[in-house]
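Reviewing the structure listed below.
The values are calculated or read from the model by the stated rules, or taken from the named source; none is laboratory data. Fair warning: this is a prediction, and the values are worked out from it, not measured in the lab. Don't worry about glycine lacking a Cβ; one is built from the backbone with ideal geometry, like all the others, and counts go over all protein chains shown. SASA here: full protein model, heavy atoms, side chains in, ligands and nucleic acids out. Shrake-Rupley method; radii C 1.70, N 1.55, O 1.52, S 1.80 Å.
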Amino acid sequence: MSKGFSDILVQRLARARLVMVFTGAGVSAESGIATFRDPGGMWSKFKPEELANVNAFLNNPSLVQTWYKERKRVVTEAEPNAGHLAIAAFERDFLERGLEFAVVTQNVDNLHQRAGSKNVIELHGNLARNYCYECKRDASDEEMNTASDDEPVHCVQCSGLVRPDVVWFGEQLPYQSIEDAVDAARRASVCLCIGTSAVVYPAAQIPLMAGEEGAYVAEINIEPSAIAYQIDESIQGKSGEVLPALFEAYKEAVLSSNQSINLN
Ligand code: BV8
């Protein structure tokens with residue numbers, strides 16, 4: 001019994017030249033990391049406008065720095081789950097077959113990279129990095145760990161405030177990340193949209209663009225996302241369970257198509 005995905009998706013994956021995986025916080029839920037908009041998620045405990053924007057940071061830098069330092073501790077202690085590992089396995093198999101694979105993520109937890117994914121396009125930054133709000137110099141972990149929690153961390157070079165390298169509400173996404181994500185969306189044969197509510201823009205435009213450009217777009221989510229009605233297939237399930245099964249089905253399909261080619 002398949003894990004709720006169609007044979008069409010498996011065949012499209014087996015024949016794909018470029019697969020783009022688009023992920024959100026749901027792909028890290030089984031690593032124990034809170035999502036944003038699920039019941040009990042981050043935004044049910046904290047107001048994003050109080051923490052995830054520049055004004056909040058400038059009004060109360062030590063509160064925002066402390067919140068991000070705590071989130072960085074949580075994600076550093078977490079482990080990639082079976083979903084992250086299956087995505088990395090897909091990429092390895094595509095590269096071994098001389099094909100292309102891209103992970104476009106909204107997540108800032110670094111778990112795709114720790115799972116072994118190589119081509120990871122970060123739309124919203126990464127908690128592993130901090131930089132000076134004034135001179136943009138990268139701040140080291142040592143600098144971040146010097147100050148006490150109620151004293152904001154200042155840049156050792158210009159004394160500016162140090163901020164996390166994440167994209168806050170009202171901020172532009174990194175230009176190169178958008179460029180790379182749009183290129184992958186334009187050329188993808190299949191887009192797997194995993195663990196996102198797809199309510200944050202312009203990121204949510206990426207899987208829709210892939211569909212407009214001819215890709216087969218399937219989502220994996222425990223409930224339909226905001227774009228479920230605009231894509232080809234909505235698979236209900238946990239990404240840590242569906243993705244390993246999908247990878248196995250894809251491998252079987254590639255094997256049998258190779259065998260049929262060898263027989264001809
Ligand atoms: C910008 C900070 C403009 C980092 C975040 C239209 C066009 C453009 C912009 C806008 C627009 N309309 C509104 C805007 C403004 C805004 C926006 O989109 N607001 C939304 C909320 C209405 N967008 C912006 O501000 C963006 N910037 O547009 O700038 C501009 C232009 C020119 C010049 C200057 C400025 C910036 C957006 C980035 C904001 N940063 N976070 C941080 O602290 O982490 S947003 C936050 O939401 C995270 O980054 C997160 O990645 C992102 C998306 O959330 P999800 O990842 O989808 O997580 P969520 O909890 O919502 O959903 C989880 C899903 O997983 C659920 O569906 C659940 O069912 C599922 N799930 C749970 N468990 C599992 C699972 N699925 C599978 N398996 C499981 N086990």
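Given +1 at the Cβ of Lys and Arg, -1 at the Cβ of Asp and Glu and no other charges, the dipole of the chain around its Cα centre is 380 debye to the nearest 20. When the chain is treated as a GNM with alpha-carbon contacts under 10 Å, the residue of N145, N119, N130 showing the greatest mean-square fluctuation is N145. With the whole protein complex present, F46 retains an accessible surface near 80 Å², based on a 1.4 Å probe.
Simple point charges give the picture: +1 on the Cβ of Lys and Arg, -1 on the Cβ of Asp and Glu, and for the range 150-264 a dipole about the Cα centre of about 220 debye. What the Cβ-Cβ distance of Y201 and V74 gives, at R0 = 30 Å and to the nearest 0.05, is a FRET efficiency of 0.70. Legend: Rg and Dmax of the chain, from Cα coordinates, 19.7, 71 Å.
Listed as lacking a disulfide-compatible partner in the chain: C191, C193, by the criterion of no other cysteine Cβ under 4.7 Å. Once the C-beta distance of K136 and E248 is scaled by a Förster radius of 45 Å, the resulting FRET efficiency is 0.50 to the nearest 0.05. Amide H contacts of I194: F22, T23, G24, I220, each under 5 Å away and 5 or more positions distant or on a separate chain (H built 1.01 Å from N in the peptide plane; Pro and chain starts excluded). A straight Cα-to-Cα reach below 15 Å connects K251 with the aspartates and glutamates D7, E91, D93, E96, residues fewer than 8 places away in its own chain not being considered.
In the chain, the DSSP beta bridges split such that about 25 percent are antiparallel, to the nearest 5. Here the Karplus relation 6.51 cos²θ - 1.76 cosθ + 1.60, evaluated at θ = phi - 60°, turns the backbone of the range 202-219 into coupling constants of x, 4, 5, 5, 5, x, 5, 5, 4, x, 4, 8, x, 6, 7, 10, 10, 10 Hz, with x for every Gly and Pro. Packing, as the average of other Cβ atoms within 10 Å across residues, places the peptides 193-202, 152-161 in the order 193-202, 152-161, highest first.
Which Cα, out of N258, L246, A218, lies furthest along the positive dipole direction of the chain (beta carbon charges, K/R +1, D/E -1)? Working it through, the farthest residue towards the positive pole turns out to be N258. Local charge for S117 was computed over the other residues whose Cβ lies under 10 Å away, with Lys and Arg +1 and Asp and Glu -1, and equals +2. Of all lysines in the structure, the ones whose alpha carbon falls short of 18 Å from that of K45, not counting any fewer than 8 places away in one chain, are K69, K72.
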